[in-house]
Amino acid sequence: MRILLDGLAWIGRYGTQGFAASIFLGLALPRVDRVALRDLLNRPRRLVLASLWLIAAPACLMAAALALIGRQHLDPGLVLGLALFGAAPPIMSAPAIAMLLNLPPTLIMAAVLATTTLAPLTSPLLAELIAGAAVPLDLGVLVGRLVLLIGGAILGAAILRLWLGAARLRARKAELDGLGVVFYFLFAIAAMDG
């Protein structure tokens with residue numbers, strides 16, 4: 001078991017800058033400055049604008065790129081992948097990037113959590129708009145799957161936090177980040193397999 005934990009810790013130390021934290025959305029909130037979060041919630045204009053930007057900008061860029069290239073010139077599977085990419089909620093590496101750019105990480109973290117929570121409603125609609133008629137999507141099925149995926153992750157994280165406690169989770173941060181990287185890697189393989 002120690003070898004597994006050491007391996008996960010190693011992956012976590014060197015691969016957590018991006019996608020690992022996306023698996024543990026519900027665990028992200030304790031990293032947020034509570035005073036700054038309270039200020040954002042009391043005056044939500046910046047949070048709403050940041051969330052709208054995180055939803056609209058990738059979708060508009062991807063739609064524009066597909067319009068320029070022409071959906072008809074691309075394989076329908078590629079069009080669907082690009083549409084899902086443009087419609088997907090932002091990744092949890094956004095706060096780390098925000099800190100590197102000297103932006104307020106609490107704003108970005110709250111916006112990422114808000115847009116991810118809204119993703120079951122927004123992503124299917126955006127994906128259909130971006131993909132157009134080139135790829136027929138079953139919105140009901142996509143919404144249901146996203147609700148299960150995101151809701152399940154949030155519920156699982158909340159249960160894990162209650163069961164293990166914040167102190168134990170902080171003590172095992174590297175291993176959990178490493179596990180997140182492994183899960184994201186598996187997700188990426190599954191997403192690209194047809």
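Considering only segment 150-187, state which residues are among the small types (G, A, S) and either assigned to a helix (DSSP H, G or I) or within 17 Å of the chain's Cα centre (by Cα) (or both). It would help to see each step written out before you state the result.
Initial filter on segment 150-187 (among the small types (G, A, S)): 151-153, 156-158, 165-167, 171, 174, 178, 180.
Passing the criteria: G151, G152, A153, G156, A157, A158, A166, A167, A171, A174, G178, G180.
Check whether at least one residue in segment 91-114 is surrounded by fewer than 16 Cβ atoms within 10 Å (Cβ to Cβ), modelled with pLDDT of 80 or more and more than 27 Å from N42 (Cβ to Cβ), and report yes or no.
No, that holds for no residue.
The values are calculated or read from the model by the stated rules, or taken from the named source; none is laboratory data. Predicted model only: the values in this text are computed from it and were never measured. Neighbour counts run over all protein chains shown; Cβ positions are idealised from the backbone, glycine included.
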